[in-house]
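Beneath this line is the structure, given in structure tokens, with notes to follow.
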Amino acid sequence: MQAPHLTASAAAGDAERLGGDERVHLADGRAVKLAPVGVQDAAAEQAFVSALSPTSRYRRFHLGIRELSAETLHDFTHVDQHQHVAIVARPADGPSSPTRLSVPRRPVEPSRS
């Protein structure tokens, strides 16, 4: 089965809708807040990568890294939400919970007019 086509305009609309954090309840009853990834997520992103096993980091990045370079960390947290969409799911139990549950990322194709 082929992944659905995502255009830049559709992705931008999704990111804008999440601008104020959207609360979602998971099947197991936990509540999470969905929001666009931003600069404030840099420490959590670096901690996530550092906590991965060496094998997991290699499979994810195809390199033997221990942590993200400054350039990669910048790219992962300075997301335009138009050509590169990234959304974070955080536990909803506090306004600034440091635990990050998930960050799906997807580069998108430019809109065709």
If we keep just the residues of region 68-78 that are crowded, with 17+ Cβ neighbours inside 10 Å and within 14 Å of the chain's Cα centre (by Cα), which is modelled with the highest pLDDT?
-> LEU73
Those residues of region 48-62 which are aliphatic (A, V, I, L, M) and under 17 Å from ARG105 (Cβ atoms), in sequence order = VAL49, LEU52
Check region 13-22 and report whether any residue there is assigned to a loop (DSSP other than H, G, I, E, B), in the same structural domain as ARG90 (by TED's automatic domain parsing), of a type in the set (A, V, I, L, M, F, W, C) and modelled with pLDDT of 85 or more.
-> no
Return only the number of the condition from (1) buried (at least 16 other Cβ atoms within 10 Å of the Cβ); (2) assigned to a helix (DSSP H, G or I) that GLN81 does not satisfy.
-> (2)
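Test GLU45 against the criterion of being surrounded by 13 or more Cβ atoms within 10 Å (Cβ to Cβ) and modelled with pLDDT of 85 or more, and give yes or no. Explain how you work it out, then say what you get.
Details: surrounded by 13 or more Cβ atoms within 10 Å (Cβ to Cβ): yes; modelled with pLDDT of 85 or more: yes.
Spelling it out, GLU45 is indeed surrounded by 13 or more Cβ atoms within 10 Å (Cβ to Cβ) and modelled with pLDDT of 85 or more.
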What pairs come up if the first residue lies in region 64-75 and is in the same structural domain as ALA86 (by TED's automatic domain parsing), the second is modelled with pLDDT under 95, and their beta carbons are under 6 Å apart, counting only those six or more places apart or on different chains?
-> none
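The values are calculated or read from the model by the stated rules, or taken from the named source; none is laboratory data. Worth saying up front: this structure is predicted, and the values here are computed from it rather than measured. Using ideal geometry, Cβ is built from the backbone for each residue, glycine included, and neighbour counts are taken over all protein chains shown.
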